[in-house]
Amino acid sequence: MNQAVDKIKADYQSAKKQYAKLGVDTEAALAELSQISISMHCWQGDDVIGFEGNTELSGGIQATGNYPGRARTPEELMADIDQALSLIPGQHRLNLHASYAIFNDDNQVDRNQLKPEHFKAWVDFAKTRGLGIDFNPTFFSHPKAAEATLSSQDEDIRKFWIEHGQCCLRIAEYFAEELDSACTVNIWIPDGLKDVPADRTAPRARLKDSLDQIIAIPYDKDKVNVAVESKVFGIGLESYTVGSHEFYMNYAAQNNLLCLLDNGHYHPTESVADKISAMLLFYDKVALHVTRPVRWDSDHVVLYDDRTKEIAKEIIRNGSDRVILGLDFFDASINRISAWVVGMRNMQKALLNALLLPADKLAKLQDKKEFTKLMMLQEELKLYPVGAVWNYFCQQNKVPEQEYWFKEIEQYEKEILSKRQ
């Protein structure tokens, strides 16, 4: 074991010298990486089912596969989250959906009557682990979401979902106060039409009015960051989504809210990495959900791929303190805890890769129009020893490096997950 530790340190010292020749301070890079918290989404652990008794998803959402060991109770989900976090370096956050309220026999209510007390167990869980909590109203997998939610023509249904959104702002404020950490509340709705609409404006007018009513209630804007999230299309909503990118970008700007960019929610040829710098010229902050779309918004586990690395570069270049970063994927075809660990660690690897780039040197080459040298250097940097720096970061944070963390996943599956029916 000591030999392995010594080798990691020696490899790091060698990498440190190589990066120093480029003007890159690896110690500063590691210090900044340790300060970047990623909001880990609870819904990977149970296939977005929640604790309301739902057996299937709606709203154009699917979790494919039937890998054994899905978390079925709050206790199981919390234990799985603990296992994942024990293998991810750094200090992070937990992202909850409203459908993960924890009820007892006496206090179960519908979504428009949710209260902080229904999330006390999550606050207790977060407090003991030093986690912040982010939050999402759940506008899907509910009888009243069968056709539309905040854009519904049925005023009773629309009122129900407005009240749900208002409840979630109050709960978010509770999270922020209890945990002394601002809570981001992200609003996404599955409203839209399968075929070509005759009227695109009226549903959006209703959505605008609904959002106006939600954010009109008193809440501490220093403690609660409201974000709105667009989507280009969904299953059954192929021709028209009410909450388009242009709608939400303008609504967020007009109301001083966050515009959340999910990199699976755009046309496959669009780059969210390209959008970040444009957004931050006009917004103080932007929120991100990082996922991996495959042909469409299929929410695959985040890989250490070019798409993720480009997003990470823009986060670092524009200031990581200006980006509220979370992940959003759910894969039921593989070990769910491994999916969390792979996705979170890959996002961190991409951030580290960005932190180890000689950004000023590269920018100067662009300014001088030395594009030949710029291309050469960008390509050569791809084989610089970022892995040695990553292994050292894992060692610093007392989590297994390389693939060695997977042994703990295999043991947990054998002892815990395999016993779940």
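Residue pairs whose Cβ atoms lie under 6 Å apart, separated by 6 or more positions or on different chains, with the first residue in segment 179-191 and under 18 Å from His142 (Cα atoms) and the second at pLDDT 95 or above and of a type in the set (Phe, Trp, Tyr), are Ile189/Phe139.
Being farther than 30 Å from Asp82 by Cβ and not basic (Lys, Arg), is that true of even one residue in segment 385-403? Scanning segment 385-403 turns up at least one residue that is farther than 30 Å from Asp82 by Cβ and not basic (Lys, Arg).
Of all residues in segment 114-156, exactly one satisfies the criterion of being touching an Asp or Glu at 6+ places or on another chain (Cβ under 8 Å), of a type in the set (Val, Ile, Thr) and either surrounded by fewer than 19 Cβ atoms within 10 Å (Cβ to Cβ) or not in a loop (DSSP other than H, G, I, E, B) (or both), namely Val123. Scanning segment 214-249 for residues that are loosely packed, with under 14 Cβ neighbours inside 10 Å and within 22 Å of the chain's Cα centre (by Cα) yields Lys221, Asp222, Glu246. Ala84 fulfils the conditions (1) touching a Leu at 6+ places or on another chain (Cβ under 9 Å); (2) among the small types (Gly, Ala, Ser); (3) assigned to a helix (DSSP H, G or I) except for a single criterion, (1). Condition check: loosely packed, with under 15 Cβ neighbours inside 10 Å, among the small types (Gly, Ala, Ser) and under 21 Å from Glu314 (Cβ atoms). Does Ala354 satisfy that? No, not satisfied. Considering every residue within segment 59-73, establish whether at least one is not in a loop (DSSP other than H, G, I, E, B) and not acidic (Asp, Glu). Checked segment 59-73: no residue is not in a loop (DSSP other than H, G, I, E, B) and not acidic (Asp, Glu). The helices (runs of 4 or more DSSP H) found entirely in segment 349-408 that carry 3 or more residues being in contact (Cβ under 8 Å) with a residue 24 or more places away in the chain, within 27 Å of Ala339 (Cβ to Cβ) and under 29 Å from the mean Cα position of the chain (by Cα) are 386-396. Close contacts from segment 198-218, counting a first residue that is under 13 Å from Ser152 (Cα atoms) and free of Cβ contacts under 8 Å to residues at least 12 places away in the same chain and a second that is of a type in the set (D, E, K, R) and in a helix (DSSP H, G or I), with Cβ to Cβ under 9 Å and a gap of 6+ residues or different chains, come to Asp209/Arg158. Name the residues in segment 262-295 that are under 23 Å from Trp43 (Cα atoms) and assigned to a loop (DSSP other than H, G, I, E, B), would you? Residues satisfying the conditions are Asn263, Gly264, His265, Tyr266, Thr291, Arg295. State which residue is farthest from Pro89 (Cα to Cα) when the search covers only segment 409-421 and only residues that are among the polar types (S, T, N, Q) and in a helix (DSSP H, G or I). Only one residue fits best here, namely Ser418. Is it the case that some residue within segment 233-254 is within 23 Å of Glu177 (Cα to Cα), modelled with pLDDT of 95 or more and outside any loop (DSSP other than H, G, I, E, B)? Among the residues of segment 233-254, not one is within 23 Å of Glu177 (Cα to Cα), modelled with pLDDT of 95 or more and outside any loop (DSSP other than H, G, I, E, B), which makes the answer no. Taking the criterion of being among the hydrophobic types (A, V, I, L, M, F, W, C) and outside any helix (DSSP H, G or I), the residues of segment 1-33 that qualify are Met1, Leu22, Val24.
What do you reckon, is Phe330 on the phi < 0 side of the Ramachandran plot and in contact with a Pro (Cβ under 9 Å, 6 or more places away or on another chain)? Against the criterion (on the phi < 0 side of the Ramachandran plot and in contact with a Pro (Cβ under 9 Å, 6 or more places away or on another chain)), Phe330 does not qualify. What are the residues in segment 296-322 that are in a helix (DSSP H, G or I) and exposed (fewer than 15 other Cβ atoms within 10 Å of the Cβ), if any? Within segment 296-322, Asp306, Asp321, Arg322 qualify. The single residue among Leu207, Leu169, Leu211 that is over 23 Å from the mean Cα position of the chain (by Cα) and in a helix (DSSP H, G or I) turns out to be Leu207.
Residue-by-condition table, conditions (1) of a type in the set (Ser, Thr, Tyr); (2) under 30 Å from Pro203 (Cβ atoms); (3) modelled with pLDDT under 95:
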| site | (1), (2), (3) |
| --- | --- |
| Asp106 | no, no, yes |
| Asn112 | no, yes, no |
| Leu131 | no, no, no |
| Pro137 | no, yes, no |
| Ala145 | no, yes, yes |
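Select from segment 20-53 the residues that are modelled with pLDDT of 95 or more, surrounded by 13 or more Cβ atoms within 10 Å (Cβ to Cβ) and among the aliphatic types (A, V, I, L, M) and write down the one among them that is farthest from Ser152 (Cα to Cα). My answer is Leu22. Within segment 172-183, being outside any helix (DSSP H, G or I) and surrounded by 21 or more Cβ atoms within 10 Å (Cβ to Cβ) holds for one residue alone: Cys183. Of the numbered criteria (1) within 20 Å of Ser418 (Cα to Cα); (2) surrounded by fewer than 21 Cβ atoms within 10 Å (Cβ to Cβ), the one Glu56 fails is (1).
The values are calculated or read from the model by the stated rules, or taken from the named source; none is laboratory data. In this text the structure is predicted, and so the values were computed from the model without any measurement. Because the Cβ atoms are built from the backbone with ideal geometry, glycine has one as well, and the counts that use them run over all protein chains shown.
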